[in-house]
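**Q** Structure below; questions to follow.
The values are calculated or read from the model by the stated rules, or taken from the named source; none is laboratory data. For clarity, every value in this text was computed on a predicted model and none was experimentally measured. Here Cβ is always computed from backbone atoms with ideal geometry, including for glycine, and neighbour counts include all displayed protein chains.
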Amino acid sequence: MTVKNIAYAIGKALGGVKVLKYLARNHPRILMYHRIRATAEGDGIHVDVFRQQMEILARDFNVVSLEELLHLANNNQPLPQHAVVITFDDGYEDFYLNAFPVLQALSLPTTVFVTTGFVSNETWLWPDKIKYMLSESQIGTLFVPELNTTFTLKTDKLRAWHSIADYCLTIPNKQKNPFINDLAIKLSVTLPFSAPDMYKALSWDQVKEMSANGIDIGSHSVTHPVMTKLELTDLRDELENSKRIIEQMLNKPVTGFCFPNGLSEDINEEVQGEINRAGYQYALAAFPTLNPLAERLAIGRYPAHPDISEFEKIVYGFRLQRLSN
């Protein structure tokens, strides 16, 4: 246990958490999840930990839907105290398999932002392609000239993934796919057309079932690009087509968009203007802010954490105090 976690545990035992929770009572905590796994290893948060987190929310907080929170805010009505919102990005199948049953059992509203090309089995997410290639490659070293770096894959696969993925976030979308395809050649790996099981997307049948059972569905683009790296025509296609496809599949209006990657450098006024033009009412970022609803086209969120103590720091208000300083 770290020194900070020891200090947090002592403060919790002495009742400090109740004080922090009270101080944060008017600060909605919008949580951002991606993957929920059922295995000992793999990406995301283990389902047992996720269940424990949801039980904390159900017991100690007012879990409201994103739509309800925004409806109240848009009509200048008081927000519920101790409000928490649950959101998921991307649209992995493990949401349906592992998270959805937990959320149903506890009657917790949730919004899932799906990447429509991923769900339609037309593509799979580019960070997963890089991770897959690195895990499958049998070569010893990889030189990436764009990074001027040689990676020893026996020991450096995780560092290679982070470095290569970070580089991909900096280049225009039309350069990214050729770069990844060239990387596959260098790694002597053939990329499957469809995502392997470990990276599998939801199906539209699963999305329809969850939508019919109260899960709100929003757009996370068609192909998960960095929106600020797109040309105008491609930007509009990503926004308009993803919205249209979801609405056709579910016969429901889509009001929300979630920025892929979603850091501050991935959001600008041009993209926000196009989000508004496409008919969305709000858009979600991937970083927390003191007033998460202050900018409807860049709503702040807290990345969920697999460690229970770190999760509690978020929902009980410890992280808010750090944001305030």
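**Q** Going by the conditions given, is Ala73 aliphatic (A, V, I, L, M), out of contact with any helix residue (DSSP H, G or I) (no Cβ under 7 Å at 6 or more places or on another chain), modelled with pLDDT under 95 and assigned by TED's automatic domain parsing to the domain that holds Phe259?
**A** It is false that Ala73 is aliphatic (A, V, I, L, M), out of contact with any helix residue (DSSP H, G or I) (no Cβ under 7 Å at 6 or more places or on another chain), modelled with pLDDT under 95 and assigned by TED's automatic domain parsing to the domain that holds Phe259.
Every residue, every condition in (1) at pLDDT 95 or above; (2) within 24 Å of Glu240 (Cα to Cα); (3) touching a Leu at 6+ places or on another chain (Cβ under 9 Å), yes or no:
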| position | (1), (2), (3) |
| --- | --- |
| His34 | yes, yes, no |
| Ala38 | yes, no, yes |
| Glu55 | yes, no, yes |
| Ala58 | yes, no, yes |
| Val64 | yes, no, yes |
| Ala83 | yes, no, yes |
| Ile86 | yes, no, yes |
| Phe100 | yes, no, no |
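**Q** Which of (1) free of Cβ contacts under 8 Å to residues at least 40 places away in the same chain; (2) out of contact with any Ser or Thr (no Cβ under 6 Å at 6 or more places or on another chain); (3) surrounded by 19 or more Cβ atoms within 10 Å (Cβ to Cβ) is the odd one out, the single condition Glu238 does not satisfy?
**A** Just one mismatch for Glu238, condition (2).
Conditions tested, residue by residue: (1) surrounded by fewer than 16 Cβ atoms within 10 Å (Cβ to Cβ); (2) in contact (Cβ under 8 Å) with a residue 40 or more places away in the chain.
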residue	(1), (2)
Ile267	no, yes
Gly273	yes, no
Tyr282	no, yes
Ala286	no, yes
Leu290	yes, yes
Ala294	yes, no
Ala298	no, no
Tyr316	no, yes
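**Q** Let me ask something else. Identify all residues within the stretch 128-141 that are surrounded by 18 or more Cβ atoms within 10 Å (Cβ to Cβ) and either of a type in the set (Asp, Glu) or in contact with a Phe, Trp or Tyr (Cβ under 8 Å, 6 or more places away or on another chain) (or both); write none if there are none.
**A** Taking the stretch 128-141 and keeping what is surrounded by 18 or more Cβ atoms within 10 Å (Cβ to Cβ), we get 128-134, 137.
If the condition is that a residue be surrounded by 18 or more Cβ atoms within 10 Å (Cβ to Cβ) and either of a type in the set (Asp, Glu) or in contact with a Phe, Trp or Tyr (Cβ under 8 Å, 6 or more places away or on another chain) (or both), then Asp128, Ile130, Lys131, Tyr132, Leu134 are the ones that fit.
**Q** I would also like to ask the following. Provide a single number: the residues in the stretch 93-113 that are in a strand (DSSP E or B) and out of contact with any strand residue (DSSP E or B) (no Cβ under 6 Å at 6 or more places or on another chain).
**A** 0
**Q** Out of Ser194, Ser221, Ser163, report the one residue that is surrounded by fewer than 18 Cβ atoms within 10 Å (Cβ to Cβ) and modelled with pLDDT of 95 or more.
**A** Answer to the check: Ser163.
**Q** Here are Ser242, Ser221: which of them is within 17 Å of the chain's Cα centre (by Cα) and assigned to a helix (DSSP H, G or I)?
**A** On the way: Ser221 fails: assigned to a helix (DSSP H, G or I).
None of the other options fit; the residue is Ser242.
**Q** Another question, then. Any residue in the stretch 239-251 that is in contact with a strand residue (DSSP E or B) (Cβ under 6 Å, 6 or more places away or on another chain), within 16 Å of Leu66 (Cα to Cα) and of a type outside the set (A, V, I, L, M)?
**A** No, because not a single residue in the stretch 239-251 is in contact with a strand residue (DSSP E or B) (Cβ under 6 Å, 6 or more places away or on another chain), within 16 Å of Leu66 (Cα to Cα) and of a type outside the set (A, V, I, L, M).
**Q** Only one of these is assigned to a helix (DSSP H, G or I) and touching an Asp or Glu at 6+ places or on another chain (Cβ under 8 Å): Lys129, Lys21. Name it.
**A** Among Lys129, Lys21, only Lys21 is assigned to a helix (DSSP H, G or I) and touching an Asp or Glu at 6+ places or on another chain (Cβ under 8 Å).
**Q** Can I ask one more? Which one is nearest to Trp124 (Cα to Cα) among residues in the stretch 46-78 that are touching a residue at least 60 places away in the same chain (Cβ under 8 Å) and assigned to a loop (DSSP other than H, G, I, E, B)?
**A** The extreme case among them is Ser65.
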